[in-house]
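K.L.:
First the structure, then my questions, so here it is.
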Amino acid sequence: MTKRIFRHAIIQLVTRLTRRRLLSAVPAVGLGATALHAAIPHKHGNAAAAEHDMNAGAGGAAHGSNGHAGFRGREVDHRANGFDPHRILRDFDTGKVSRLPNGRTLREWTIAAAEHEIEIAPGVKFAAWSYNGRIPGPTLRATEGDRLRIKFINGGRHPHTIHFHGIHPASADGVAGIGPGDIPPGGETVYEFDATPYGLHLYHCHVRPLAEHIAKGLYGAFLIDPKDPREKADEMVMVMNGFDTNFDRANEVYAANTIGFAYSEKPIRIKRNELVRLYLVNVLEYDLINSFHLHGNFFDYIPTGTSKKPSELTDTVMLCQGQRGILEMRFPYTGRYMFHAHQSEFTELGWMGFFEVTD
Ligand SMILES: [Cu+2]
């Protein structure tokens with residue numbers, strides 16, 4: 001066991017060193033697309049133009065056929081992606097609501113898996129898999145004790161499932177060989193269970209090879225509110241993720257809500273002294289841990305969101321894959337405050353942004 005962990009650590013270190021060599025030319029945090037562009041192996045000019053069409057569909061790290069000149073100053077085309085990280089941030093999907101004969105609330109969703117090429121940084125295309133055309137998938141929101149019914153349609157070319165975190169019968173667990181098991185291409189199923197326990201959870205595909213099915217984009221946040229609701233707040237969701245654009249089982253792009261530097265190029269606007277509640281989920285593959293660090297402020301931290309009492313007042317939390325928690329904070333001063341992974345490498349490759357605090 002110890003030996004296995006050691007071997008894993010060595011593999012991680014070697015991977016890291018290989019990537020570091022690529023990064024040695026990256027000067028500083030905050031250069032956004034320019035730093036990212038320098039860090040991702042690619043070709044310029046005609047070679048890039050020639051390869052662009054080939055790579056674009058295969059998830060290669062190709063960029064626009066105009067080469068460097070056409071790349072600078074460009075932004076990710078959120079419209080072409082079909083989703084915008086700024087919309088995803090405050091978008092909660094409470095489903096189609098009705099009442100069961102026994103008086104309980106029923107919430108229904110339809111979630112379809114599909115293959116979906118997206119631009120994860122200016123000019124960097126990735127052959128993603130998505131739930132309902134967005135990455136992360138919809139943030140499903142229910143209240144403790146609700147009945148949840150999720151119809152899953154597999155519109156992809158590989159088998160997929162939805163595995164929910166939470167307490168439910170084995171038949172609704174979304175894993176191979178149990179209940180409906182793997183859902184084949186074109187197939188569908190219904191997962192039905194009760195919303196419990198209250199807290200911040202997640203859902204993701206659970207088909208092997210697992211790392212690939214998750215890293216391709218099949219995941220989302222799953223929030224269960226306590227019956228006695230939390231204090232009103234400006235609420236937002238960040239799903240920390242990354243993308244392996246060259247299939248070396250290491251990420252070249254890091255982000256919260258998929259698009260590297262999205263909240264840096266356009267900061268998140270919040271009001272001074274207003275309670276901000278951030279639902280933070282880590283789904284990052286290929287790296288053992290991820291983190292969130294806030295500048296100029298501290299936050300109350302509730303691990304897994306399963307309590308109303310924070311366990312810590314801090315400015316940094318560290319999460320392994322699948323871990324999540326609720327962060328609550330108020331900004332006493334106006335101004336621009338950075339947040340980012342405290343792993344500097346992740347920061348430089350996209351996982352950073354700003355809160356813009358105004359009166
Ligand atoms: Cu899958």
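The values are calculated or read from the model by the stated rules, or taken from the named source; none is laboratory data. Treat the numbers as computed from the prediction; the structure is a model and nothing was measured. Cβ coordinates were reconstructed from backbone atoms using ideal geometry, including for glycine residues, and neighbour counts include every protein chain displayed.
K.L.:
Between residues in the stretch 266-294 that are on the phi > 0 side of the Ramachandran plot and residues that are part of a strand (DSSP E or B), which pairs lie under 8 Å by C-beta distance while being six or more apart or on different chains?
P.N.:
Cβ pairs passing all conditions: Tyr286/Gly242.
K.L.:
Only one residue in Val237, Val207, Val281 is modelled with pLDDT of 95 or more and over 30 Å from Thr334 (Cβ atoms). Which one?
P.N.:
Answer to the check: Val207.
K.L.:
Of the residues that sit in the stretch 162-190 and are in contact with a His (Cβ under 8 Å, 6 or more places away or on another chain) and assigned to a strand (DSSP E or B), which one is farthest from Thr306 (Cα to Cα)?
P.N.:
Ile183
K.L.:
Test Phe92 against the criterion of being surrounded by 17 or more Cβ atoms within 10 Å (Cβ to Cβ), modelled with pLDDT of 95 or more, under 21 Å from the mean Cα position of the chain (by Cα) and not assigned by TED's automatic domain parsing to the domain that holds Gly242, and give yes or no.
P.N.:
No: the conditions fail for Phe92.
K.L.:
Let me ask something additional. How many residues are under 17 Å from Lys96 (Cα atoms) and of a type in the set (Ser, Thr, Tyr) if we restrict to the stretch 131-147?
P.N.:
Adding up the residues that qualify gives 2.
K.L.:
Let me spell it out: the conditions are (1) at pLDDT 95 or above; (2) touching a helix residue (DSSP H, G or I) at 6+ places or on another chain (Cβ under 7 Å); (3) more than 11 Å from the ligand (Cβ to nearest atom), and Gly260 meets all of them except one. Which number is the exception?
P.N.:
Status for Gly260: all satisfied but (1).
K.L.:
Sticking with this one: Among the numbered criteria (1) more than 16 Å from the ligand (Cβ to nearest atom); (2) buried (at least 24 other Cβ atoms within 10 Å of the Cβ); (3) hydroxyl-bearing (Ser, Thr, Tyr), which one does Tyr131 miss?
P.N.:
Every listed condition holds for Tyr131 apart from (1).
K.L.:
Would you pick out the residues in the stretch 294-347 that are of a type in the set (Lys, Arg) and more than 23 Å from Ala262 (Cα to Cα)?
P.N.:
Lys308, Lys309
Residues are listed down the side, and each one gets a yes or a no for (1) more than 21 Å from Thr143 (Cα to Cα); (2) within 16 Å of the ligand (Cβ to nearest atom):
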position	(1), (2)
Gly177	yes, yes
Tyr191	no, yes
Pro197	no, no
Gly220	no, yes
Glu235	no, no
Asn241	yes, yes
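K.L.:
Further, regarding this structure: Six or more apart or on different chains, Cβ atoms under 7 Å: show the pairs whose first residue is in the stretch 119-147 and of a type in the set (S, T, N, Q) and whose second is within 16 Å of the ligand (Cβ to nearest atom) and modelled with pLDDT under 95.
P.N.:
These pairs meet every condition: Ser130/His116.
K.L.:
Shifting gears a bit: Any residue at all in the stretch 177-189 that's closer than 18 Å to His116 by Cα and buried (at least 17 other Cβ atoms within 10 Å of the Cβ)?
P.N.:
Taking every residue of the stretch 177-189 in turn, none turns out to be closer than 18 Å to His116 by Cα and buried (at least 17 other Cβ atoms within 10 Å of the Cβ).
K.L.:
On to the next question. How about the stretch 113-161: which strands (runs of 3 or more DSSP E) wholly inside it have at least 1 residues that are within 18 Å of the chain's Cα centre (by Cα)?
P.N.:
Ranges flagged: 124-131, 139-143.
K.L.:
Turning to a different aspect of this structure: Within the stretch 152-172, is even one residue surrounded by fewer than 24 Cβ atoms within 10 Å (Cβ to Cβ), more than 16 Å from the ligand (Cβ to nearest atom) and basic (Lys, Arg)?
P.N.:
Scanning the stretch 152-172, I find no residue that is surrounded by fewer than 24 Cβ atoms within 10 Å (Cβ to Cβ), more than 16 Å from the ligand (Cβ to nearest atom) and basic (Lys, Arg), so the answer is no.
K.L.:
Do we find that Asn273 is surrounded by fewer than 22 Cβ atoms within 10 Å (Cβ to Cβ) and either at pLDDT 95 or above or of a type outside the set (Lys, Arg) (or both) in this structure?
P.N.:
So Asn273 passes the test.
K.L.:
Just checking, which of Thr306, Thr314 is in contact (Cβ under 8 Å) with a residue 40 or more places away in the chain and polar (S, T, N, Q)?
P.N.:
Exactly one of Thr306, Thr314 is in contact (Cβ under 8 Å) with a residue 40 or more places away in the chain and polar (S, T, N, Q), namely Thr306.
K.L.:
Go over the candidates Ala142, Ala80 one by one and state the one that is among the aliphatic types (A, V, I, L, M), loosely packed, with under 14 Cβ neighbours inside 10 Å and touching an Asp or Glu at 6+ places or on another chain (Cβ under 8 Å).
P.N.:
Answer to the check: Ala80.
K.L.:
Here's a check for you: in the stretch 148-179, which residue that is among the β-branched types (Val, Ile, Thr) and in contact (Cβ under 8 Å) with a residue 12 or more places away in the chain is farthest from Arg99 (Cα to Cα)?
P.N.:
Val175
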